[in-house]
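S.K.: Before I ask anything, here is the structure I am working with.
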Amino acid sequence: MNVTVIITTYNRPDVLAKVLDGLRHQTRPADELIVADDGSGSETLAKVRGFARGFPGPIHHVWHEDRGFRVSEIRNKAIRKSSGDYIILLDGDCIPPKNFVGDHLALAEKGFFFQGKRVLINKRLAASFTHDCTVSVWKLMKYIFSGDISNRHHLIRMPFFPAFSVAGLSGIRSCNMGFFRKDIFAVNGFNQDFVGWGREDSELAVRFRKYGLKRKEHPFMAVCFHLWHEANDPARLCVNDEILKKSINSNEYICSNGLVQKNK
């Protein structure tokens, strides 16, 4: 099964380079990488082009003009560009350990989408934390009792631990999520009515459930390392909460303003 990893980014080229380095060192590399760029300057494109010279598979950079936080729209643009049977979403500040792609594929199952977990790297450690910090259990062990990270219980990989199905929207985060390409097209992708930070991933999960998918999780596989950043601007959150509420109360699983604009 071919897999596409879509990495969302905005004007953090040095951090994006750490994420791309993690994807370069996978035990099971992605078949295709797409950087979904929400309006960054030219330095980000230069980083992507530099990385592409040493990566065996195709790497695409999709971009649109910077008109504020439009992550739903740029992800849809990347999804349309994708060719993999399975799509993994990863944010451009989330470093994947070496088994990340392979774990996602091992956990991929028809009738499910997968919600991955994250370890949070705090401000003091974020600048020095790289993929190399994740390459072995022994390197990770020194962080077990560290005050520099949160969600430490996800640090150690345990593939023998069973995956399970979860209900509800708590913990939905598209910074680490996997689904079949045919399923994201069936619900018409992300809802582009979401502008500004917040709730676009929860709304997608609502429509996935209405479409018939269950949510799958594993606390010790396909975990990423999320580097600290300043809090996103919540100015549109009230508006986005209303869009989410409308979706929850609807019987429809296809959004009208998604991969295809069905109302135009």
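S.K.: Among 15, 5, 19, which is the only one that is touching a Cys at 6+ places or on another chain (Cβ under 9 Å), closer than 19 Å to residue 227 by Cα and not acidic (Asp, Glu)? Spell out how you get there, then give the answer.
M.R.: Working: 15 fails: touching a Cys at 6+ places or on another chain (Cβ under 9 Å); 5 fails: touching a Cys at 6+ places or on another chain (Cβ under 9 Å).
One residue alone meets the criteria, 19.
This table checks each residue for (1) more than 13 Å from the chain's Cα centre (by Cα); (2) more than 17 Å from residue 84 (Cβ to Cβ).
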| position | (1), (2) |
| --- | --- |
| 3 | yes, no |
| 10 | yes, yes |
| 27 | yes, yes |
| 30 | yes, no |
| 33 | no, no |
| 48 | yes, yes |
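S.K.: Can you pull out the residues in the stretch 1-53 that are touching a Lys or Arg at 6+ places or on another chain (Cβ under 7 Å) and hydroxyl-bearing (Ser, Thr, Tyr)?
M.R.: Those that are touching a Lys or Arg at 6+ places or on another chain (Cβ under 7 Å) and hydroxyl-bearing (Ser, Thr, Tyr): 8, 27.
S.K.: Does the stretch 81-138 hold any residues that are within 11 Å of the chain's Cα centre (by Cα) and within 15 Å of residue 19 (Cβ to Cβ), and which are they?
M.R.: Listed by number, the residues that qualify are 88, 89, 90, 91, 92, 93, 94, 95, 96, 116, 118.
S.K.: For residue 141, are the conditions met, namely being loosely packed, with under 13 Cβ neighbours inside 10 Å, closer than 19 Å to residue 28 by Cβ and over 16 Å from the mean Cα position of the chain (by Cα)?
M.R.: So residue 141 fails the test.
S.K.: Still on this model: Please specify each residue of the stretch 211-247 satisfying the condition of being of a type in the set (A, V, I, L, M) and either exposed (fewer than 13 other Cβ atoms within 10 Å of the Cβ) or assigned to a loop (DSSP other than H, G, I, E, B) (or both). Talk me through it step by step, then tell me what you get.
M.R.: Filtering the stretch 211-247 for residues of a type in the set (A, V, I, L, M) gives 213, 221-223, 227, 231, 235, 237, 239, 243-244.
Selection gives 213, 221, 222, 223, 231, 235.
S.K.: May I pose another question? Enumerate the pairs (first residue in the stretch 90-117 and within 10 Å of residue 176 (Cα to Cα); second residue anywhere and at pLDDT below 95) with beta-carbon separation below 6 Å, excluding pairs fewer than 6 apart on the same chain, so at least 6 apart or on different chains.
M.R.: Pairs found: 117/154.
S.K.: Another question, if that's okay. What's the number of the condition residue 262 fails, among (1) closer than 25 Å to residue 182 by Cβ; (2) at pLDDT 90 or above; (3) surrounded by fewer than 14 Cβ atoms within 10 Å (Cβ to Cβ)?
M.R.: (2)
S.K.: Give the residues of the stretch 25-54 that are surrounded by fewer than 18 Cβ atoms within 10 Å (Cβ to Cβ) and free of Cβ contacts under 8 Å to residues at least 60 places away in the same chain, sorted by residue number.
M.R.: 39, 41, 42, 43, 45, 46, 49, 50, 52, 53, 54
S.K.: Test of understanding: among 165, 128, 202, 170, which residue is surrounded by fewer than 13 Cβ atoms within 10 Å (Cβ to Cβ) and not in a loop (DSSP other than H, G, I, E, B)? Can you show your working first?
M.R.: Details: 128 fails: not in a loop (DSSP other than H, G, I, E, B); 202 fails: surrounded by fewer than 13 Cβ atoms within 10 Å (Cβ to Cβ); 170 fails: not in a loop (DSSP other than H, G, I, E, B).
None of the others qualify; the one that does is 165.
The values are calculated or read from the model by the stated rules, or taken from the named source; none is laboratory data. Note that this is a predicted model, so its numbers are computed, not measured. Counting neighbours? That spans all protein chains shown, and the Cβs are built from the backbone with ideal geometry, glycine included.
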